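Trainee: Take this structure first; my questions come after.
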Amino acid sequence: MDSAYAPQHRGSRVPVGLRAPFSGRTWRETLYLLLNLPMSLVMFTYTVVVVSLGAGLLVTFLGIPVLAAGLAGARGLGFVERARARALLGLDVADPRPVRAAKPGLMGWVGAVLKSGDSWRHLVYSLVHFPWALFTFVFSVAFWSVGWVLLVYPLWRWAFPAYFDRPGIVMWDEGNGHAFYLDTPAEIGLTGGIGLLMVLAGPWLIRGLTQVDRVMVLGLLGPSSLASRVVELESDRGVVVDTAAADLRRIERDLHDGAQARLVSLAMDLGLAREKLDEDPEAAAKMVDEAHGEVKLALQELRDLARGIHPAILTDRGLGPALSALAARCTVPVSVSVEPMRRPAAAIEGIAYFTASELLQNVSKHAMAGSATLDVWRTEDRLMVLVADDGQGGAHTGAGTGLAGLAERLASVDGLLVVDSPAGGPTRITAELPRPAADPPSPPRPRPDAGMLETAERDATGHGGI
């Protein structure tokens with residue numbers, strides 16, 4: 001709920017059931033049902049005429065273009081219906097994908113329109129919606145009219161004896177002087193009470209009727225599920241490409257500003273040491289010692305960089321040991337719990353690891369927490385990663401935040417990020433990932449980058465470590 005509306009709703013003392021008959025939403029939805037009949041009558045008549053004319057002309061060449069033009073017109077009427085639903089029901093339905101002809105020219109366009117499932121669904125909507133529109137129009141007019149007339153009956157009953165020579169509304173009349181009228185105070189009060197119940201129930205009945213309209217508009221006038229999935233995958237592909245490009249730029253920047261700069265400095269120091277070797281052996285030895293320290297720092301930076309690309313422990317031992325090692329490097333004490341499970345696909349395993357890594361970095365840098373927990377488990381075909389801390393809270397996925405980028409990365413693989421972080425804490429962030437099964441694990445092999453670093457360490461120090 002928008003914060004702008006929260007104070008008003010909290011401060012209102014009128015129950016929602018009493019406010020509903022006078023709310024703007026109720027009357028917008030009622031107006032939508034009243035407009036259903038004229039709009040549906042136009043669409044139904046148009047569809048019947050176009051289909052009949054096109055079918056009748058199919059024996060000639062003109063039938064196919066006429067039918068295609070009729071389908072295009074149905075799409076135009078669908079645009080009006082989506083706009084009506086958006087304005088009165090608050091239903092924002094995306095437009096279906098435009099018709100794209102495979103070949104230029106009139107016949108290419110005709111073929112594309114006839115092959116478009118969206119065009120035919122618009123035509124089906126015009127046919128199916130007409131009987132429903134007729135029912136909702138009659139029901140809403142009759143129900144509201146009867147309800148309000150009965151509710152205010154105590155106010156206008158005087159008109160019967162004054163102008164109709166009757167004591168009130170006649171319920172039945174046998175024609176021989178025996179009739180039943182609503183004229184006693186109890187009967188008048190009961191009539192008004194029935195009207196009140198109808199008026200109070202009206203908004204919920206109207207809302208239920210418009211739910212059917214919402215389903216029709218979404219299912220028949222919006223993009224198909226396949227088209228929506230294609231758009232979603234295209235968007236996810238863009239996120240993946242942007243993320244990969246950002247990672248490459250980060251690796252390039254880290255190599256250029258870190259290890260590369262340190263190795264250049266190391267080469268210069270070793271060159272100076274070689275020049276001083278004959279003149280001042282003690283100074284040369286001191287410079288070599290300093291160069292040795294630079295080598296250790298450069299190797300540490302390379303190890304961190306390799307771990308940031310894809311840690312060897314994740315490939316060799318799986319998610320549990322990798323997350324334990326990750327938690328051990330966190331500046332906040334982290335309790336790790338990983339449910340035993342079959343290893344997920346490598347891509348999902350990597351995303352789960354780096355999601356936990358980024359969340360723990362946020363705990364270290366921003367949460368001001370005293371402790372944190374990292375839990376991983378599976379539920380049906382989903383992999384769940386939960387990071388919780390006892391910090392100050394206030395985390396959100398607003399635009400420009402690190403969590404927003406993380407949510408986009410998870411969405412690219414049909415994942416989900418749920419943030420529960422009230423001000424003052426605690427914070428619970430849950431990442432939900434699909435869990436396709438991985439191939440049977442192959443025997444672990446030493447990674448080339450790990451072997452290169454170990455060889456460099458031995459060459460630099462003369463033994464297995466620094």
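The values are calculated or read from the model by the stated rules, or taken from the named source; none is laboratory data. Everything numeric here is computed off the predicted structure, so don't read it as measured data. Cβ atoms come from the backbone with ideal geometry, glycine included; neighbour counts cover every protein chain shown. The protein model used for the area step is the full one, side chains on, heavy atoms only, and it has no ligands, DNA or RNA in it. Shrake-Rupley method; radii C 1.70, N 1.55, O 1.52, S 1.80 Å.
Trainee: Is it the case that some residue within region 51-65 is assigned to a helix (DSSP H, G or I) and aromatic (Phe, Trp, Tyr)?
Mentor: For region 51-65, residues assigned to a helix (DSSP H, G or I) and aromatic (Phe, Trp, Tyr): absent.
Trainee: Sticking with this structure for a sec: Does Gly108 satisfy the criteria of being part of a helix (DSSP H, G or I) and at pLDDT 85 or above? Show your work before the answer.
Mentor: Numbers: part of a helix (DSSP H, G or I): yes; at pLDDT 85 or above: no.
Spelling it out, it is not the case that Gly108 is part of a helix (DSSP H, G or I) and at pLDDT 85 or above.
Trainee: Do you know which residues across region 363-404 are at pLDDT below 80 and either aromatic (Phe, Trp, Tyr) or under 15 Å from Leu417 (Cα atoms) (or both)?
Mentor: Answer for region 363-404, where residues must be at pLDDT below 80 and either aromatic (Phe, Trp, Tyr) or under 15 Å from Leu417 (Cα atoms) (or both): Ala395, His396, Thr397, Gly398, Ala399, Thr401, Gly402, Leu403, Ala404.
Trainee: For region 374-392, which positions are more than 11 Å from Ala356 (Cα to Cα) and open to solvent by 20 Å² or more (accessible area, probe 1.4 Å)?
Mentor: Trp377, Arg378, Thr379, Glu380, Asp381, Arg382, Asp390, Gln392 - these are the residues of region 374-392 that are more than 11 Å from Ala356 (Cα to Cα) and open to solvent by 20 Å² or more (accessible area, probe 1.4 Å).
Trainee: Another question, then. In this structure, is Ala347 modelled with pLDDT under 75 and under 26 Å from Arg317 (Cα atoms)?
Mentor: In short, yes.
Trainee: Is there a residue in region 215-224 that is modelled with pLDDT under 65 and either open to solvent by 30 Å² or more (accessible area, probe 1.4 Å) or closer than 30 Å to Phe160 by Cβ (or both)? Walk me through it before giving the result.
Mentor: Of region 215-224, the ones modelled with pLDDT under 65 are 224.
Right, trim to either open to solvent by 30 Å² or more (accessible area, probe 1.4 Å) or closer than 30 Å to Phe160 by Cβ (or both) and you get 224.
Checking region 215-224: at least one residue is modelled with pLDDT under 65 and either open to solvent by 30 Å² or more (accessible area, probe 1.4 Å) or closer than 30 Å to Phe160 by Cβ (or both).
Trainee: Right, something else. Does Val141 count as assigned to a helix (DSSP H, G or I), among the β-branched types (Val, Ile, Thr) and surrounded by 14 or more Cβ atoms within 10 Å (Cβ to Cβ)?
Mentor: Criteria met by Val141.
Trainee: Scan Lys103, Lys115 and give me the residue that is free of Cβ contacts under 8 Å to residues at least 60 places away in the same chain, under 20 Å from Arg75 (Cα atoms) and loosely packed, with under 14 Cβ neighbours inside 10 Å.
Mentor: Within the list Lys103, Lys115, the selection yields Lys115.
Trainee: Would you be able to say whether some residue in region 16-36 is of a type in the set (S, T, N, Q), open to solvent by 60 Å² or more (accessible area, probe 1.4 Å) and either at pLDDT 85 or above or over 32 Å from the mean Cα position of the chain (by Cα) (or both)?
Mentor: Scanning region 16-36 turns up no residue that is of a type in the set (S, T, N, Q), open to solvent by 60 Å² or more (accessible area, probe 1.4 Å) and either at pLDDT 85 or above or over 32 Å from the mean Cα position of the chain (by Cα) (or both).
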